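The values are calculated or read from the model by the stated rules, or taken from the named source; none is laboratory data. Computed from a prediction, not measured in an experiment: that's the story for all the values here. Counting neighbours? That spans all protein chains shown, and the Cβs are built from the backbone with ideal geometry, glycine included. For the accessible areas, the whole protein counts, side chains as well, though only heavy atoms, and no ligand, DNA or RNA atoms are used. Shrake-Rupley method; radii C 1.70, N 1.55, O 1.52, S 1.80 Å.
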Amino acid sequence: MSRLQVVSGKGGTGKTTVAAALALALATEGKRALLVEVEGRQGIAQLFETEALPYEERKIAVASGGGEVYALAIDAERALLDYLQMFYKLGSAGRALKKLGAIDFATTIAPGLRDVLLTGKACEAVRRRDKKNAYVYDYVVMDAPPTGRITKFLNVNDEVAGLAKFGPIHNQAQAVMRVLKSPETAVHFVTLLEEMPVQETADGIAELRAAELPVGKVIVNMVRPQLVDEQALRTAAGEQRTEVARALSRAGLGGAGRGGVAERLVEPLLEQAAEHAQRVELEREQRAALAQLDLTTYELPLLGEGLDLAGLYRLAAELRAHLGAERAGGTA
Ligand SMILES: Nc1ncnc2c1ncn2[C@@H]1O[C@H](COP(=O)(O)OP(=O)(O)OP(=O)(O)O)[C@@H](O)[C@H]1O
Ligand SMILES: [Mg+2]
């Protein structure tokens, strides 16, 4: 299991939710996971129903099984100060830069710089060791930018290493790329069983592969249950009026004849059933498209009534079952 788990996907498909559930799933048996957010929107704090996260790693949850989840909202400005500090021992000069607005200026003018700082910070957490030389975090899970930006985001240090041909910045950029291009990293894509997100997933994976970045798994989120069996689906797809009316009548809903209760229920029921059959068919097509990608695919159910903390733990349990099954299968 890679120690840096990057979660990307089309906007709104559940990246933040899946990243959080994955951190909870990995934090088992005393393991420690760090969940990092790079888009500065405090999605993690909202999800865990806590106040906004400061730029500081703090424990936000205890996973079932006793592991711990820490969270960090990486702030580009603070990360830049860390970075300058690391190379130039800036101290109070860093604060002066901040006052002057130099940092705002630098991160605004060079969007690439933001990404250098964000990925750099995440990789620092992956590599960090304690006094006993053990890793501080067993896993780092990143709630990453969406599919359209992920390859550029992860690859930015490659450019930097090319620009600064030697020296500390070159070395730092190379160290980051060494983590990101190694089996220590896995980049997952969250998708829905819908045409657009599936297409984006396929494109994103192709881009990632072209950049030689490690593709992880496809996580199909918000999967709705199939309510009826194949036979019933075929019935629903073709409009079997009389058959349905008779079935309703048998179920005690009045006579199947004209004007009876069962007769009046037939239209709306058939409509719903046809809709359902159509959706199942579309989902089947999208599943087939995903199968072409030849990657391990996990499915997570659509949880009704909004997603609360209990729902998050449920998704974590689902993910843990997937991970366990995979380990048992020997492909982890
Ligand atoms: N399995 C699920 N069941 C039900 N609701 C879900 C599920 N997964 C995510 N959601 C809900 O879908 C919405 C979008 O999820 P989330 O914020 O995780 O997506 P995102 O990809 O991070 O979005 P963005 O692109 O805006 O960052 C949220 O309201 C979340 O609670
Ligand atoms: Mg999000």
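Each label point is 7 Å from the Cα along the Cα-to-Cβ direction; what then is the distance between the points at residue 253 and residue 182, in nm?
6.2
Which whole-number percent gives the relative contact order of region 172-251, counting Cα pairs below 8 Å spaced six or more residues apart? Show your work: numbers first, answer last.
Details: 53 pairs, mean separation 25.0, N = 80.
Worked out over region 172-251, it gives 31 percent.
Between residue 272 and residue 77, what length comes free when the chain is fully extended (0.36 nm per residue of separation minus the Cα-Cα distance, one decimal in nm)?
Additional length available on full extension: 65.0 nm.
How far apart, in nanometres, would the label points at residue 196 and residue 64 be if each is projected 7 angstrom from Cα along the Cα-to-Cβ direction?
The answer from the label model is 3.4 nm.
Got a sec? Charge dipole of the chain, +1 on Cβ for Lys and Arg, -1 for Asp and Glu; which of 216, 1, 272 is way out at the positive end?
1
Counting only C-alpha contacts under 8 Å and six or more residues apart, can you give the relative contact order of the chain as a whole percent?
22
For residue 242 and residue 50, FRET efficiency with R0 = 56 Å and r from the beta-carbon atoms, rounded to 0.05?
With a Förster radius of 56 Å, E is 0.45.
Quick one: if you stick a label point 7 Å off each Cα along the C-beta vector at residue 279 and residue 299, how many nm between them?
Here the answer is 1.4 nm between the modelled labels.
Mind checking which of 170, 296, 160 is farthest towards the positive end of the chain's charge dipole, using Cβ charges of +1 (Lys, Arg) and -1 (Asp, Glu) about the Cα centre?
170
Leaving out ligands, DNA and RNA, what percent of the accessible area of region 226-294 is carbon and sulfur, probe 1.4 Å?
Roughly 51 percent, rounded to a whole number.
What Kirkwood hydrodynamic radius do you get for the chain when you take the inverse of the mean 1/r over all pairs of distinct Cα atoms, in Å?
About 22.3 Å for the chain.
Please list the non-local residues whose amide H lies under 5 Å from the amide H of residue 188, H modeled 1.01 Å from N, same-chain partners needing a gap of 5 or more.
6, 7, 8, 216, 217
Roughly how many debye, to the nearest 20, is the charge dipole of region 226-294 about its Cα centre, given +1 on each Lys and Arg Cβ, -1 on each Asp and Glu Cβ, and no other charges?
Here region 226-294 has a charge dipole of around 380 debye.
Using a 1.4 angstrom probe, figure out how much accessible area region 226-294 has per residue, in square angstrom, rounded to the nearest whole.
Here the residues of region 226-294 average 68 Å² of exposed surface.
Tell me the relative contact order for region 226-294 as a rounded percent, counting alpha carbon contacts under 8 Å between residues six or more apart. Before the final figure, lay out the partial values.
Values: 43 pairs, mean separation 21.6, N = 69.
Answer for region 226-294 is 31 percent.
Restricting to bridges with both residues inside the chain, how much of the DSSP beta-bridge set is antiparallel, in percent to the nearest 5? All intermediate terms of the calculation are to be shown ahead of the outcome.
Values: 6 of 35 bridges.
In the chain, approximately 15 percent of DSSP beta bridges are antiparallel ones.
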